[in-house]
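The structure that follows is given in the form of structure tokens.
The values are calculated or read from the model by the stated rules, or taken from the named source; none is laboratory data. Please read these numbers as outputs of a predicted model, since none were measured by experiment. Cβ placement follows ideal geometry from the backbone for every residue including glycine, while neighbour counts extend to all protein chains displayed.
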Amino acid sequence: MSPNLDSPVQTQMAVAVFKTPLTGGNKMEGKLQRQSSGRRVFVQTETGCVLGMELDRSDNVHTVKRRLQIALNFPTEESSLTYGDMVLTNDLSAVRNDSPLLLKRNFMHRSSSTPCLSPTGRDLQQKDRSGPIEILGQSECFSVVKQMVKDIVKAMKLGVDPLPVHSGLGGAYYFRNKKGQSVAIVKPTDEEPFAPNNPKGFVGKALGQPGLKSSVRVGETGFREVAAYLLDYGRFANVPPTALVKITHSVFNVNDGVKGNKAREKKMVVSKIASFQKFVAHDFDASDHGTSSFPVASVHRIGILDVRIFNTDRHGGNLLVKKVETFGEVELIPIDHGLCLPETLEDPYFEWIHWPQASLPFSEEELEYIQSLDPLKDCEMLRRELPMIREACLRVLVLCTVFLKEAASYGMCLAEIGEMMTREFRVGEEEPSELEVVCIEAKRLVTERDVFSPRSDVMGGEAEFQFDLDCDELESVYGSKMQVTDDYFAKNPFSNGRSSLGKLEESIKEEEDEDYDDEEEDEDNTENAVPVMMTMKDSFFSCAAFHDKSTSLSKLSTSMKNTHLSDTGRKNSTKTLTRGKSENTSSGHKSANEQLQASASFVKLADMKEEEWVVFLERFQELLGPAFAKRKTATLSKRQRLGTSCQF
Ligand SMILES: Nc1ncnc2c1ncn2[C@@H]1O[C@H](COP(=O)(O)OP(=O)(O)OP(=O)(O)O)[C@@H](O)[C@H]1O
């Protein structure tokens with residue numbers, strides 16, 4: 001048998017043999033599916049081949065691989081079946097109904113241009129009974145999508161073909177109703193930029209490798225689009241309904257062995273995992289038009305979403321603009337959220353950051369919405385609806401939501417929040433954003449808590465602020481499993497959405513108590529005890545009061561407000577990143593995990609153990625006050641210099 005896992009031709013052939021797609025969604029099959037007590041999964045190979053299969057209770061990784069081997073005619077011994085962060089060894093009980101699984105080859109030197117070998121056409125044992133468009137997920141939020149699917153399937157049966165979208169870097173298709181009107185835009189995950197079947201020449205990577213943004217893997221933008229929709233509670237920011245689907249059609253692109261070349265003479269039906277988003281008729285996008293007519297509320301709402309999901313791709317083209325009846329009014333429709341929720345903090349992109357609307361204060365309603373956000377619930381919901389989502393992405397979501405809530409309750413406006421999240425870029429080098437600086441410091445405090453425990457023998461001397469970016473020597477951020485247990489969030493103090501000040505005071509109080517206990521305990525161990533102050537010495541939070549046991553709460557918070565985040569400290573104590581270098585570095589012999597990690601990351605969230613992460617979040621929240629104070633001072637002096645005024 002040939003090692004032709006990457007063969008796209010097989011994909012087409014295998015799926016074609018399993019069923020005739022346009023009739024595959026018939027009533028009988030739907031019925032069969034519903035009657036089955038088992039789960040249905042969609043297995044995707046690294047080159048995008050998708051196969052739907054029903055799992056019995058007795059199924060395990062071995063039996064699934066065997067079926068794939070028969071169906072797709074490639075050896076599966078040297079491959080792993082992955083499910084988000086999980087590499088499935090044998091047991092499949094964690095896999096939920098309608099989940100996409102990825103079959104990855106174990107060796108790294110693969111090429112997405114492996115020559116295609118013909119399938120044997122042997123009698124296939126596993127039938128793919130799924131219909132032409134299957135929604136992956138059960139959320140009620142998908143009811144709108146269900147109706148669209150029905151309309152499209154009807155039109156497909158009548159021969160109304162989808163139309164390829166020419167703009168954008170990835171493969172995208174407008175699927176239409178029987179009147180020929182666009183109903184949905186479908187973006188297959190294996191046609192993303194750099195993915196094996198990208199129709200626009202941007203190919204060269206296998207699914208699961210770092211993509212256009214190094215903190216978002218190839219093939220993983222689809223579920224992010226869905227996450228943005230699901231997180232947009234009450235359609236606050238107006239994200240169009242979006243679902244993940246398994247979709248079968250001959251319009252989709254499959255490249256041959258030569259990079260970027262399309263070589264399919266005759267179109268064959270092929271199944272893909274794709275994002276499926278409601279098509280919204282619009283007049284232009286935000287890059288084509290002046291922004292002064294954009295409603296303040298719309299800008300704020302989209303900005304709030306972008307901050308929560310750490311959107312790295314909010315450029316003008318990703319904001320559709322629709323004229324409304326009322327004179328001069330427009331509606332904004334945010335699209336393309338495939339590059340949100342990266343696996344690590346990087347440089348976000350917020351087009352709205354310099355729009356005057358973003359500098360206006362949040363309204364009462366917006367503040368209420370922000371305060372009602374609960375990152376615990378968000379994570380629970382996303383794990384439920386999108387079980388393939390990586391914990392690293394959820395950590396970014398939690399961090400950003402906490403940041404947003406704290407910032408808003410401190411009185412920061414959207415522009416200030418966005419600026420604090422954005423990196424400075426000077427002479428080809430990137431410096432960490434203010435948000436990252438706070439994270440780096442919080443992480444240092446967590447580390448020091450471990451290293452400089454009261455009984456530690458280590459006398460560290462200069463507790464220099466260090467951040468090591470030498471990626472090669474570090475355990476992979478993404479590979480290292482975050483030991484997240486079920487009760488993690490029960491313990492996580494950041495889940496209740498309580499006001500920042502209360503939380504801050506509480507944790508400081510706890511810290512005082514803790515320190516007091518430590519003090520008592522260590523009275524007899526003074527030789528070994530490491531003075532906490534020492535560890536703070538060179539921190540850019542060089543605020544002596546911070547850990548002073550005798551400091552009263554009020555004194556403490558005043559002194560923290562007066563603390564300066566020193567720019568020199570920031571420069572000296574953190575390494576800068578050279579954008580070109582970090583993004584263009586050859587992947588060499590590194591694994592996909594290592595390559596992701598080697599991306600432009602100043603601070604890793606995913607490598608912390610559960611307990612560390614909880615402590616980290618506490619420290620992070622405590623450190624935000626001084627950071628906001630510093631930003632306020634900077635904004636004030638800038639305003640004084642420039643004398644700005646915004647009028648709407
Ligand atoms: N929900 C939608 N409704 C209507 N048109 C849409 C929608 N989503 C996308 N489009 C159109 O399709 C085009 C391509 O979509 P999109 O930007 O999401 O694709 P992409 O390949 O991810 O693009 P990019 O390279 O800019 O990241 C958009 O510029 C827009 O014109």
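Of everything in region 297-310, what is closer than 14 Å to residue 351 by Cα and assigned to a helix (DSSP H, G or I)? Give them in sequence order.
Listed by number, the residues that qualify are 298, 299, 300, 301, 302, 303, 304, 305, 306, 307.
Let me ask another. Looking at region 341-363, which of its residues are touching an Asp or Glu at 6+ places or on another chain (Cβ under 6 Å) and either small (Gly, Ala, Ser) or more than 16 Å from the ligand (Cβ to nearest atom) (or both)?
If the condition is that a residue be touching an Asp or Glu at 6+ places or on another chain (Cβ under 6 Å) and either small (Gly, Ala, Ser) or more than 16 Å from the ligand (Cβ to nearest atom) (or both), then 345 is the only one that fits.
Which is touching a strand residue (DSSP E or B) at 6+ places or on another chain (Cβ under 8 Å) and small (Gly, Ala, Ser), of 201, 171?
Just one listed residue meets the conditions, 171.
Right, next: Do we find that residue 302 is outside the structural domain of residue 392 (by the TED database) and away from the ligand (no atom under 12 Å from the Cβ) in this structure?
no
Pairs needed: first member in region 167-179, more than 22 Å from residue 248 (Cβ to Cβ); second member anywhere, of a type outside the set (A, V, I, L, M, F, W, C) and within 8 Å of the ligand (Cβ to nearest atom); C-beta distance under 7 Å; at least 6 residues apart or different chains.
Within 7 Å, the pairs are 169/193.
Next question. Just checking, how many residues over region 264-284 are out of contact with any Leu (no Cβ under 7 Å at 6 or more places or on another chain), part of a loop (DSSP other than H, G, I, E, B), closer than 27 Å to residue 212 by Cβ and modelled with pLDDT of 95 or more?
Total meeting the criteria: 1.
Residue 308 versus (1) more than 13 Å from residue 232 (Cα to Cα); (2) among the basic types (Lys, Arg); (3) buried (at least 23 other Cβ atoms within 10 Å of the Cβ): which is the lone unmet condition?
(1)
For (1) in contact with a strand residue (DSSP E or B) (Cβ under 8 Å, 6 or more places away or on another chain); (2) hydroxyl-bearing (Ser, Thr, Tyr); (3) at pLDDT 90 or above; (4) surrounded by fewer than 23 Cβ atoms within 10 Å (Cβ to Cβ), each residue gets a yes or a no:
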position	(1), (2), (3), (4)
194	no, no, yes, yes
211	yes, no, yes, no
225	yes, no, yes, no
261	yes, no, no, yes
300	no, no, yes, no
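Go through region 167-184 and report how many residues are touching a Leu at 6+ places or on another chain (Cβ under 8 Å) and either part of a loop (DSSP other than H, G, I, E, B) or within 8 Å of the ligand (Cβ to nearest atom) (or both).
Qualifying residue count, region 167-184: 4.
For region 414-425, which positions are touching a residue at least 60 places away in the same chain (Cβ under 8 Å) and not aliphatic (A, V, I, L, M)?
Correct list: 416, 418, 419, 422, 423, 425.
Another one. Please specify each residue of region 280-293 satisfying the condition of being surrounded by 19 or more Cβ atoms within 10 Å (Cβ to Cβ) and either without any contact (Cβ under 8 Å) to a residue 40 or more places away in the chain or within 27 Å of the chain's Cα centre (by Cα) (or both).
286
Which one is farthest from residue 248 (Cα to Cα), of the residues in region 148-166 that are within 12 Å of the ligand (Cβ to nearest atom) and in contact with a Phe, Trp or Tyr (Cβ under 9 Å, 6 or more places away or on another chain)?
165
Tell me whether region 272-281 contains one or more residues that are more than 16 Å from the ligand (Cβ to nearest atom) and in contact with a strand residue (DSSP E or B) (Cβ under 9 Å, 6 or more places away or on another chain).
No - not one qualifying residue is present in region 272-281.
Please determine whether any residue of region 239-252 is in a loop (DSSP other than H, G, I, E, B), within 16 Å of the ligand (Cβ to nearest atom) and on the phi > 0 side of the Ramachandran plot.
Among the residues of region 239-252, not one is in a loop (DSSP other than H, G, I, E, B), within 16 Å of the ligand (Cβ to nearest atom) and on the phi > 0 side of the Ramachandran plot, which makes the answer no.
Hey, among 187, 200, 205, which residue is of a type in the set (D, E, K, R), assigned to a loop (DSSP other than H, G, I, E, B), in contact with a Gly (Cβ under 8 Å, 6 or more places away or on another chain) and within 12 Å of the ligand (Cβ to nearest atom)?
200 is the lone residue from the list that is of a type in the set (D, E, K, R), assigned to a loop (DSSP other than H, G, I, E, B), in contact with a Gly (Cβ under 8 Å, 6 or more places away or on another chain) and within 12 Å of the ligand (Cβ to nearest atom).
Another question about this same structure. Mind checking which residues of region 311-340 are surrounded by fewer than 22 Cβ atoms within 10 Å (Cβ to Cβ), more than 11 Å from the ligand (Cβ to nearest atom), in contact (Cβ under 8 Å) with a residue 12 or more places away in the chain and in a loop (DSSP other than H, G, I, E, B)?
328, 329
Given the conditions (1) modelled with pLDDT of 80 or more; (2) closer than 21 Å to residue 54 by Cβ; (3) of a type in the set (D, E, K, R), which single one is not true for residue 104?
Here residue 104 clears every test but (2).
(1) within 15 Å of the ligand (Cβ to nearest atom); (2) outside the structural domain of residue 174 (by the TED database); (3) not in a loop (DSSP other than H, G, I, E, B): which one isn't true of residue 287, the others all being true?
(3)
Only one of 149, 203, 254, 165 is farther than 30 Å from residue 344 by Cα and modelled with pLDDT under 95; which?
Criteria check complete, one pass: 254.
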